[in-house]
Amino acid sequence: MAATTENISLANDTLARRRQINSTTLMRRQQEVFALVPEIEEIGYQITSLGAGFTMANLAKNTDRAKEIKAEMEALQQKKQDLLVQNGFAADYLEPVYYCAQCRDKGFVNGKICSCLKQEIIKQRQNMLTALSPAPKTTFEDFSLDFYPDKTDANGDNPREIMGSILTYCKKYAEKFSKDRKSVLMLGSSGLGKTHLSCAIAGECLKKGFVVMYASSQSLFEQIEQNKHNVHHILNDIMNCDLFILDDLGTEYLTFYGQSILYNIINTRMINGYPCIYTSNLTSEKDFLKKYGEKITSRLMGSCDTLVFAGSDIRPRL
């Protein structure tokens, strides 16, 4: 996945902040220990001095002297650790602090980009996309079935039972999520909890380390229309993230260009087997055909598990 210069710059800024925090933490620990056990500070000076001698011995190819110095350094290091433990500190309390021990927060290992920097770049890209329409911070725990009538309606449906089944489905979907999970189409009128449950799934997936992208359809396509020259960066992230959530499908205004982009998103992720969660106030295939035509509708309906939400708008009762 391509990264913009801004993504990389923001990721590098994060690593720089980590290095600064690491340095400050180590300095604070040194001050704390040296004030309590001055001998440990003196041992540090001795190890540093011996280190210079060890380097000179190696340069002079004086193997025996190098071994002697190394043994002295190891003995002093052990003495320092023993003193730390005796005074209530961890043996490695004065070792350098790193967020990522693999690259020591530099972002590269042997000239190759470290996984921590890759992940931070992905995170920055995700932040840029979700900033288009921030996902609500919702969980399964704060989703209550009490707002749905526990009685059979005129169609013979019990809204609370239907929503209980949908809640169970969503919890299992999040629990067993993988990048090859089937896509989901959540349908129903406004205020029935579609956004709530889709974002609850997103939250659980994020906890597991998956890359999740969220956007409301209206905000996303407004941004796409306004940034046609740079749309490939947005699309690249959408096409390759682990889970893409497109909320309120049907509320957007689509030009011919926007419709081609929507088709591209749906079709590409379907072909690659990457899951999406779509929510929409459109409630029938007829509505989708009228809004999007046969090509988009057939791919949506054919590639998704469809969940039809029941009840009436719960928002006034929240």
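Across segment 206-216, the number of residues qualifying as touching a residue at least 40 places away in the same chain (Cβ under 8 Å) and out of contact with any Phe, Trp or Tyr (no Cβ under 6 Å at 6 or more places or on another chain) comes to 5.
Val97: modelled with pLDDT of 95 or more, under 38 Å from the mean Cα position of the chain (by Cα) and not assigned by TED's automatic domain parsing to the domain that holds Gly209, yes or no?
On the way: modelled with pLDDT of 95 or more: no; under 38 Å from the mean Cα position of the chain (by Cα): yes; not assigned by TED's automatic domain parsing to the domain that holds Gly209: yes.
Taking the combined requirement at face value, the residue does not satisfy it.
The residue list Glu285, Glu294 contains one member that is surrounded by fewer than 18 Cβ atoms within 10 Å (Cβ to Cβ) and either at positive phi or in contact with a helix residue (DSSP H, G or I) (Cβ under 8 Å, 6 or more places away or on another chain) (or both), which is Glu285. When Val85, Val33 are screened for being part of a helix (DSSP H, G or I), of a type in the set (Val, Ile, Thr), surrounded by 16 or more Cβ atoms within 10 Å (Cβ to Cβ) and modelled with pLDDT of 95 or more, only Val33 passes.
Does Phe244 qualify as being in contact with a helix residue (DSSP H, G or I) (Cβ under 9 Å, 6 or more places away or on another chain) and over 25 Å from Ile166 (Cβ atoms)? The answer is no for Phe244.
Kindly indicate the residue of segment 88-125 that is of a type in the set (D, E, K, R), touching a residue at least 12 places away in the same chain (Cβ under 8 Å) and part of a loop (DSSP other than H, G, I, E, B) and also surrounded by the most Cβ atoms within 10 Å (Cβ to Cβ) among those meeting that condition. So that I can check it myself, show each step before the final result.
Of all residues in segment 88-125, those of a type in the set (D, E, K, R) come to 92, 95, 104-106, 112, 118, 120, 123, 125.
Going one step further and asking which of them are touching a residue at least 12 places away in the same chain (Cβ under 8 Å), we end up with 105-106, 120, 123, 125.
In the following step, the residues that additionally are part of a loop (DSSP other than H, G, I, E, B) were identified as 105-106.
Numbers: Asp105: 23, Lys106: 16.
The qualifying residue surrounded by the most Cβ atoms within 10 Å (Cβ to Cβ) is Asp105.
Among the residues of segment 160-180, none qualifies, meaning not one is modelled with pLDDT under 90, in the same structural domain as Thr297 (by TED's automatic domain parsing) and buried (at least 17 other Cβ atoms within 10 Å of the Cβ).
Given Thr152, Thr168, Thr195, which one is in a loop (DSSP other than H, G, I, E, B) and either touching a residue at least 24 places away in the same chain (Cβ under 8 Å) or not basic (Lys, Arg) (or both)?
Values: Thr168 fails: in a loop (DSSP other than H, G, I, E, B); Thr195 fails: in a loop (DSSP other than H, G, I, E, B).
The unique qualifying residue is Thr152.
Assess whether Lys151 counts as being at pLDDT 85 or above, more than 22 Å from Val212 (Cβ to Cβ) and out of contact with any strand residue (DSSP E or B) (no Cβ under 6 Å at 6 or more places or on another chain). Answer is yes for this residue. Restricting segment 294-309 to residues that are touching a strand residue (DSSP E or B) at 6+ places or on another chain (Cβ under 9 Å), part of a helix (DSSP H, G or I) and of a type outside the set (Gly, Ala, Ser) leaves a set whose member that is farthest from Ile224 (Cα to Cα) is Met301. Looking only at segment 185-222, residues that are of a type in the set (Ser, Thr, Tyr) and surrounded by 19 or more Cβ atoms within 10 Å (Cβ to Cβ) come to 5 in all. Taking segment 259-299 as the range and being closer than 26 Å to Glu161 by Cβ, within 28 Å of the chain's Cα centre (by Cα) and among the hydrophobic types (A, V, I, L, M, F, W, C) as the test, only Ile277 passes.
Tell me which residues, restricted to segment 235-293, are among the hydrophobic types (A, V, I, L, M, F, W, C) and either part of a helix (DSSP H, G or I) or not assigned by TED's automatic domain parsing to the domain that holds Leu307 (or both). Leu235, Ile238, Met239, Phe256, Ile261, Leu262, Ile265, Ile266, Met270, Ile271, Phe288, Leu289 - these are the residues of segment 235-293 that are among the hydrophobic types (A, V, I, L, M, F, W, C) and either part of a helix (DSSP H, G or I) or not assigned by TED's automatic domain parsing to the domain that holds Leu307 (or both).
The values are calculated or read from the model by the stated rules, or taken from the named source; none is laboratory data. As the structure is a computational prediction, the values presented were derived from the model and not from experiment. So basically every Cβ, Gly included, is an ideal-geometry build from the backbone, and we count neighbours across all protein chains shown.
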